[in-house]
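J.: Got a structure here, written out as C-alpha cells. Questions coming.
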Amino acid sequence: MININDAKFITSAAGIADSPEFAMSEVAFLGRSNVGKSSLINALTQRKGLAKSSSTPGKTQLVNYFEVKFGQKFSENEKFDEALANLGENFSLMFVDLPGFGYAKVSKKMHYIWQKNLDEFIKNRPNIKLFVHLIDSRQFDLDIDRNLREYVESFLRGDQQILRLYTKADKLNQAGRAKLLKSDPGALFVSTLKGSGVAKARELIIKRAFGL
Ligand SMILES: Nc1nc2c(ncn2[C@@H]2O[C@H](COP(=O)(O)OP(=O)(O)OP(=O)(O)O)[C@@H](O)[C@H]2O)c(=O)[nH]1
Ligand SMILES: [Mg+2]
C-alpha cells in the first residue's frame, strides 16, 4: 500500500527560464484546459486544495511544483510488487501542474506567450520523466489531443514516458465507455469525483516515473 507522507506546494514559475532545479524526477500533467489536471493532482496526493481547480477554464496559469513524499510498507496479506519494492520505503516525486492547452480567453498576445512558454517547458525540462496526458473521456477524439500526443511523441527522450488517462469517468455512460474502449482498448479511466481509478493511476505514475 502506497501512502502519501507529505505533499506540499514548492513554487510557481512562468516557464523554464525561471524554474529552479530540483534533485528529483518530475511528472508533468498535460491536457486541455478544464480536463481535470489540478483536480487529479489533489486526488493523487489526497490533499483537497493543494492545486487550485476551478470550473472556469484557464485556472492554472503558471507552472506549479508540488513535492510529494510517498511511503510504503509491505504487509503479508498484500500481493508483493517487486517493482515497487525496489523503490524502498520512502521516495519522492515532483508533480508539475501546468496551464491547459487550448484556452484562448486571454488576449492573443498573452495566449501566444503562454503557449510558447509551455511548449519550451515540456520540450526542454530535463527532469521530466513522465508526461501524464489527461483526456476528457466524453470527448476522447479531439484534434487537440491527437496533436498534443503526436507532438510530445516527436521529442520524447529515451528516459521519458507518456501515460494517458481518461478523466471525468463518472460522467461517461455505458455507450460512451464502450466506444472509447473500442478506440483505445487499454484505456485507463479516472474520476476524482468518485475516486475511481486514482489508486491505480498513482501506482502507474510512480512506476513509470521511476522507469520501472
Ligand atoms: N464530474 C467530474 N468533474 C471533474 C472531475 N475532475 C475535475 N472535474 C471538474 O472539472 C473542472 C476543471 O477541473 P480542474 O482540475 O481545474 O482542470 P484543469 O485541467 O486543471 O484546468 P486548467 O487549470 O484550466 O487547465 C472543475 O470544475 C472540476 O471540479 C471528475 O473526475 N469528475
Ligand atoms: Mg489546473
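The values are calculated or read from the model by the stated rules, or taken from the named source; none is laboratory data. Being a predicted model, the structure only gives us computed values, none of them experimental. Neighbour counts are summed over all protein chains in view; Cβ atoms, including those assigned to glycine, are modelled from backbone coordinates with ideal geometry. To get the accessible areas, we keep the full protein, side chains included, count just its heavy atoms, and leave off ligands, DNA and RNA. Shrake-Rupley method; radii C 1.70, N 1.55, O 1.52, S 1.80 Å.
J.: With a Cα-only, solvent-free Debye model of the range 159-206, what are the log10 I(q)/I(0) values at q = 0.19, 0.25, 0.32 Å⁻¹?
T.: The computed values of log10 I(q)/I(0) come out as -0.63, -0.97, -1.23.
J.: Then there's this: I need the shape label for the range 1-109. Rule: rounded when a/c is under 1.5, else prolate if a/b > b/c, else oblate, with a, b, c from the alpha carbon gyration tensor.
T.: In terms of gyration-tensor shape, prolate.
J.: Quick one: ranking 75, 154, 25, 137 by accessible area, 1.4 Å probe, largest first, what do you get?
T.: So the residues, ranked largest to smallest area, are 154, 75, 25, 137.
J.: Quick check: from the Cα gyration tensor, does the chain come out rounded (a/c under 1.5), prolate or oblate?
T.: It is oblate, given that a/c is not under 1.5 and a/b is not larger than b/c.
J.: What nm distance separates the two modelled labels at residue 150 and residue 78, each placed 7 Å from Cα along Cα→Cβ?
T.: The answer from the label model is 4.2 nm.
J.: What is the extension gain from residue 181 to residue 4, computed as 0.36 nm multiplied by their sequence separation minus the C-alpha to C-alpha distance, in nm to one decimal?
T.: Stretched out fully, the residue 181 to residue 4 stretch lengthens by 60.6 nm.
J.: Could you derive backbone 3J(HN,Hα) for the range 187-198 from the dihedral phi with the Karplus parameters 6.51, -1.76 and 1.60 (θ = phi - 60°), listing whole Hz in sequence and x where the residue is Gly or Pro?
T.: 3, 10, 9, 10, 9, 7, 5, 8, x, 6, x, 6
J.: What part of the accessible area of the range 2-209, given as a whole %, is carbon or sulfur when the probe is 1.4 angstrom?
T.: 49 percent
J.: Given a Förster distance of 25 Å, report the FRET efficiency between residue 120 and residue 159 from their Cβ-Cβ distance, rounded to the nearest 0.05.
T.: 0.85
J.: Kindly sort 202, 177 by accessible area of their heavy atoms, largest first, with the probe set to 1.4 Å.
T.: From most exposed to least exposed: 177, 202.
J.: Mind scanning 48/129; 52/194; 52/179 and naming the pairs with a C-alpha gap bigger than 22 Å?
T.: Correct reply: 48/129; 52/179.
J.: Now a separate question. Add -39500 (n - 2.57) for each DSSP H run of 4 or more in the chain, then divide by its residues: what number comes out at 222 nm, to the nearest 500 deg cm²/dmol?
T.: Per the formula, -9000 deg cm²/dmol.
J.: Remind me, relative contact order of the range 2-209 in percent, using alpha carbon pairs under 8 angstrom and six or more residues apart?
T.: Reported as a whole number, the value is 26 percent.
J.: Relative to a virtual label point 7 Å from the Cα of residue 141 in the Cα→beta-carbon direction, which members of the range 15-51 show backbone nitrogen distances below 20 Å?
T.: 32
J.: Heavy-atom accessible area of residue 84 with all protein chains present, probe 1.4 Å, nearest 10 Å²?
T.: 10 Å²
J.: Also, quick follow-up: Over the range 50-98, what is the mean sequence separation of C-alpha contacts under 8 Å (at least six apart), divided by residue count, expressed as relative contact order in percent?
T.: For the range 50-98, the relative contact order is 51 percent.
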